[in-house]
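Below is one structure, written out as C-alpha cells; the observations come after it.
Derivation of every value follows stated rules applied to the coordinates shown; laboratory data play no part. Since this is a predicted model, take the numbers as computed values, not measurements. Note: ideal-geometry Cβ built from the backbone for every residue, glycine included; neighbour counts use all protein chains shown.
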Amino acid sequence: MRNTIIESVDILVVEDNAGDARLIREVLNYNKIINSLSIVNDGVEALDFLHNRGKYKNEHKPDLIILDLNLPKKDGREVLSEIKNDDNLKHIPVVVMTISQAEEDILKSYNLHANCYITKPIDLDQFIDVVRSIEDFWFSIVKLPPRSNAMKVDSEVRVKKSEKDNA
C-alpha cells in the first residue's frame with residue numbers, strides 16, 4: 001500500500017505528546033491516504049471535537065480515532081467510555097495507542113469497547129512500523145462504516161428492536 005492513494009479518510013489523533021503526534025502525522029501524510037488529520041492534545045478537546053463544540057463546531061466526525069490513554073484534563077479511558085456509550089459516536093473505530101503495557105489498562109480498554117490496543121514502541125523505526133500497520137489494517141483491509149449512514153443504520157436497528165419488543 002505504500003505510496004498509493006486510496007479513498008480519503010478523516011482521522012482524529014488524541015495525543016498529548018507533541019513528538020508522537022508529529023510522527024503520526026508525518027507517517028500518515030507520507031502515504032497520502034488521509035483527507036484530514038486532526039490532532040487534539042487532551043480528552044476535553046477530543047470530546048469537544050467529536051461533539052462539534054466551541055472551536056470544533058464545523059468539524060466532521062472522523063472515520064478513525066487514535067487515542068492515547070494518559071491524557072491531561074480528561075483521561076483517555078473516560079474519553080473511550082463516552083465515545084462508546086454515545087449512539088452518535090460508538091460506530092467510530094477507536095485504536096488505543098499508549099505507552100502502557102499494564103494488563104489492567106488492556107482489559108479496561110477492551111471492556112470499554114476499544115477496537116484494538118497497541119503499546120507504543122520506544123524505538124523510532126518500530127513506532128513508524130506500528131503507525132504504518134494501523135494504516136494498512138484500517139484502510140486497506142477493514143471496511144469502515146459509511147459516513148452518512150452510520151447513524152441511520154443504528155437508528156433503524158433501535159426502531160426494529162423497539163417494534164419487536166412491543167409486539
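How high is the relative contact order of the stretch 74-124, in percent, counting Cα pairs under 8 Å that sit 6 or more residues apart? Don't skip to the answer; put the middle values down first.
Working: 50 pairs, mean separation 20.6, N = 51.
Contact order relative to length: 40 percent.
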Cβ crowding within 10 Å averaged over residues, with 119-131, 17-29 ranked highest first: 17-29, 119-131
Long-range HN-HN contacts of C116 with modeled amide H, under 5 Å: V94, V96
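Suppose the chain between A102 and N58 were pulled fully straight at 0.36 nm per residue; how much longer would it get relative to their current alpha carbon spacing?
On the way: separation 44, 0.36 × 44 = 15.84 nm, distance 3.69 nm.
That works out to 12.2 nm of additional length.
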Net lengthening on full extension, L124/N70 (0.36 nm per residue, minus Cα-Cα): 17.4 nm
Highest-first arrangement of 97-108, 56-67, where packing means the average Cβ count within 10 Å: 56-67, 97-108
Over 20 Å between alpha carbons, listed pairs K84/K108; K61/K90; K90/K143: none
